[in-house]
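None of the figures in this text is laboratory data; all of them are computed from the coordinates on show. The shown structure was predicted, so the numbers you read here are calculated from the model rather than taken from an experiment. Cβ placement follows ideal geometry from the backbone for every residue including glycine, while neighbour counts extend to all protein chains displayed.
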Amino acid sequence: MTHERGQSMRELLARGDKSFSFEFFPPKDELGEQQLWQAITDLEPYGPTFVSVTYGAGGTTRDRTVAITGRIARETGMLPVAHLTCVGHTTDEITAILDDLARAGVEHVMALRGDPPGGPGTPWTPTEGGLTYANELVALIRERTDMRIGVAAFPEGHVDAKDLDHDARVLRAKYDAGAEFAVTDMVLRASDYVGLVDRAHAVGADLPIIPGIMPILNLRSMQRMVDFSRRELPQETVERLAPYADDPARLREEGIAIATELCEALLDAGAPGLHFYTLNRSKATREIFANLQITV
Ligand code: FAD
């Protein structure tokens, strides 16, 4: 799917083609910077619908997120989406960041609350003069800019959601505030994604929901990530990977196979596209694309 600047994500997704997108994070040093731009260069030929750049936990990467998305807008043909969180910012600071993004040529923002400084599931305290929930950030962006807005959704519900129905209503509030599309946290089972879409539609959150894909390349680091967000790897996934516990190459192969099957199941279930958490590397995404017979 190709895009034209100024076209909304909703319009792009409504055309019916599948959307493919890649997520990157701002690196810490020069070596990381080289790795990031190598991954961007490797993945650009696939013509992603958009590429997104995260905003560091605790609001730590303000300048780098603006710089990287700005450079993507200037130097590549890809549509950058800048993540922005409420953590540690007053509304005046948020407005200043939105101005910086607009000056850098960035027209799409992922509006997020951000995790509390203690990590997911720890108490959230809003900053004085700041915002409490992502729907307020969506409303602020809508009020002060004409940027296009994406939001987060959670296949198994957000860790702090009262229940799954409330979780869907939170997505509805973000939609009502002006969000055009949602991207999910990494999907561990296709059925979780289908459940989320059903709940969202039931409460009138009528926005395209793109599932997030994170292939398992190393069991221990995936386990850490899943624990961090207080979820559990599905038993069937653990059982498929267990025989390769001492064989990193075979484990990686099986991880790619599992991710490929997940992508196929999600597309078969009607997902409007796939969003890849690349961790600033392109190899695993290219392998999954080859398996899905998506070529440059
Ligand atoms: P919200 O929608 O505000 O929800 C937060 C919690 O508050 C939920 O438990 C919700 O149920 C509850 N809630 C929301 N509204 C209300 C209300 N009106 N009344 C009562 N309760 C309410 N984090 C980063 O720091 N940087 C990133 O770049 C980043 N990118 C992400 C990208 C994606 C695709 C995803 C899925 C997550 C990302 N995150 C990022 C993590 C995200 O910031 C956290 O998961 C955060 O805890 C929730 O963010 P949210 O935008 O969904 O918040």
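Data table
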{"read-out": "Chain lengthening between K18 and E75 when straightened (0.36 nm per residue, less Cα-Cα)", "value": "18.1 nm"}
{"read-out": "In nm, spacing of pseudo-spin labels at E253 and D146 (7 Å Cα→C-beta vector)", "value": "5.4 nm"}
{"read-out": "Amide H contacts under 5 Å for I210, placed H, 5+ residues apart", "value": "A182, V183, T184"}
{"read-out": "Over the chain, equivalent-ellipsoid semi-axes from the Cα gyration tensor in Å", "value": "28, 22, 20"}
{"read-out": "Ascending count of other beta-carbon atoms within 10 Å, so fewest first, for L140, L79", "value": "L140, L79"}
{"read-out": "Phi to ³J(HN,Hα) by Karplus 6.51 cos²θ - 1.76 cosθ + 1.60 over the stretch 219-230, Hz, x for Gly, Pro", "value": "4, 5, 6, 5, 4, 4, 5, 5, 4, 4, 8, 6"}
{"read-out": "Three-way shape label, the stretch 200-281, alpha-carbon gyration tensor, a/c 1.5", "value": "prolate"}
{"read-out": "Dipole moment magnitude, nearest 20 debye, the stretch 155-296 about Cα centre, only Lys, Arg, Asp, Glu C-beta charged", "value": "460 debye"}
{"read-out": "Ranked packing of 163-176, 234-247, 269-282, most packed first, by mean Cβ within 10 Å", "value": "269-282, 163-176, 234-247"}
{"read-out": "Net lengthening on full extension, Q34/K283 (0.36 nm per residue, minus Cα-Cα)", "value": "88.1 nm"}
{"read-out": "Positive-end extreme of charge dipole, the chain - chosen from A245, L98, L131 (charges on Cβ)", "value": "L98"}
{"read-out": "Built amide H within the under 5 Å cut-off of V81, gap 5+", "value": "V51, S52, V53"}
{"read-out": "Residue-wise HN-Hα coupling along the stretch 74-86, computed from phi with Karplus coefficients 6.51, -1.76, 1.60 (Hz; x: Gly, Pro)", "value": "6, 9, 10, x, 9, 8, x, 10, 9, 6, 8, 10, 8"}
{"read-out": "Shape parameters for the stretch 48-162, alpha-carbon atoms, Rg then Dmax in Å", "value": "13.9, 44"}
{"read-out": "Charge dipole (debye, nearest 20) of the stretch 16-65; +1 at Cβ of Lys and Arg, -1 at Cβ of Asp and Glu", "value": "200 debye"}
{"read-out": "Total charge dipole magnitude, the chain, about the Cα centre, Cβ charges on Lys, Arg, Asp, Glu only, Debye to nearest 20", "value": "240 debye"}
{"read-out": "Whole-Hz ³J(HN,Hα) from phi, Karplus 6.51 cos²θ - 1.76 cosθ + 1.60, for the stretch 247-253, glycine and proline x", "value": "9, x, 5, 5, 4, 4, 4"}
{"read-out": "Gyration tensor over alpha-carbon atoms, the stretch 182-245, equivalent ellipsoid semi-axes in Å", "value": "27, 12, 10"}
{"read-out": "Per-residue Cβ neighbour rank within 10 angstrom, fewest leading, I256, I294", "value": "I294, I256"}
